[in-house]
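The values are calculated or read from the model by the stated rules, or taken from the named source; none is laboratory data. Predicted model only: the values in this text are computed from it and were never measured. Reconstructed Cβ throughout: ideal geometry from the backbone, glycine too, with neighbour counts over all protein chains shown.
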Amino acid sequence: MAIKVGDKIPSVKLKTMKDGKMSDITTDEIFRGKKVVLFAVPGAFTPTCSMQHLPGFVEKASQIRAKGVDTIACISVNDAFVMGAWGKDKGADGKVLMLADGNGEFAKAVGLDFDGSGIGFGLRSQRYALVAQDGVVKQVAVEQPMKFEVSSADAILAKL
């Protein structure tokens, strides 16, 4: 069952790059006591993710933060090195926290994983965005397969 408004963000250990090294970070650290916008993409460096989804949040970061958001985070079922390189390539440093869900544990825990084996992707996350306050989901927008409409930076900004 997919995560919904009112649910608590599951406690999962993720990876991120810190000072050029892979580092553990928990969802509790990310969400506790903060207003967070988290958006998920099926894969780093993939077309829609690289040309629209991440760049939109990088571009709108200051406007989103002006609405009281403490952290903007991007998560994908990729490793921390890939997420770090992708974030650097797209200018996310200091704007969007890049999170690696390498084994898809978070995607599974929120019920938004999918099997992309048919196209050579393996386990992936669906495309979505959510807003959480102190670890509780206040808004969630899950895209239909192959769509990019409800989880964009503009769509989330309009709901904040």
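Take the residues in region 63-89 that are farther than 20 Å from residue 122 by Cα and among the β-branched types (Val, Ile, Thr); name whichever of them is surrounded by the fewest Cβ atoms within 10 Å (Cβ to Cβ).
Step by step, filter region 63-89, then rank; the result is 71.
List every residue pair whose Cβ atoms lie under 8 Å apart, where the two residues are 6 or more positions apart in sequence or sit on different chains, the first residue falls within region 131-160 and is modelled with pLDDT under 95 and surrounded by fewer than 17 Cβ atoms within 10 Å (Cβ to Cβ), and the second residue, located anywhere, is in a loop (DSSP other than H, G, I, E, B) and of a type in the set (Asp, Glu).
149/143
Please verify whether residue 125 is surrounded by 17 or more Cβ atoms within 10 Å (Cβ to Cβ), in contact with a helix residue (DSSP H, G or I) (Cβ under 8 Å, 6 or more places away or on another chain), under 25 Å from residue 68 (Cβ atoms) and of a type in the set (Ser, Thr, Tyr), treating the condition exactly as stated.
Criteria not met by residue 125.
Has region 10-23 got any residue that is crowded, with 19+ Cβ neighbours inside 10 Å and in a helix (DSSP H, G or I)?
Within region 10-23, not a single residue is crowded, with 19+ Cβ neighbours inside 10 Å and in a helix (DSSP H, G or I).
Out of (1) in a loop (DSSP other than H, G, I, E, B); (2) within 17 Å of residue 77 (Cα to Cα), what's the single condition that is false for residue 33?
(2)
Name the residue that is modelled with the lowest pLDDT, counting only residues in region 26-58 that are within 21 Å of residue 81 (Cβ to Cβ) and among the polar types (S, T, N, Q).
50
With the condition kept exactly as written, say whether any residue in region 43-56 is at positive phi, outside any strand (DSSP E or B) and more than 12 Å from the chain's Cα centre (by Cα).
yes
Scanning region 57-79 for residues that are within 13 Å of the chain's Cα centre (by Cα) and in contact (Cβ under 8 Å) with a residue 60 or more places away in the chain, which turns out farthest from residue 132 (Cα to Cα)? Steps first, please.
From region 57-79, those within 13 Å of the chain's Cα centre (by Cα) are 57-58, 71-78; that's our starting set.
Keeping just the survivors that are in contact (Cβ under 8 Å) with a residue 60 or more places away in the chain gives 57, 75.
Working: 57: 16, 75: 14 Å.
Once the filter is applied, the top-ranked residue is 57.
When region 62-85 is examined, which residues are found to be in a loop (DSSP other than H, G, I, E, B) and of a type in the set (Gly, Ala, Ser)?
If the condition is that a residue be in a loop (DSSP other than H, G, I, E, B) and of a type in the set (Gly, Ala, Ser), then 66, 68 are the ones that fit.
Of all the strands (runs of 3 or more DSSP E) wholly in region 86-160, which have at least 3 residues that are closer than 15 Å to residue 39 by Cα?
So the answer is 97-100, 128-133, 136-142.
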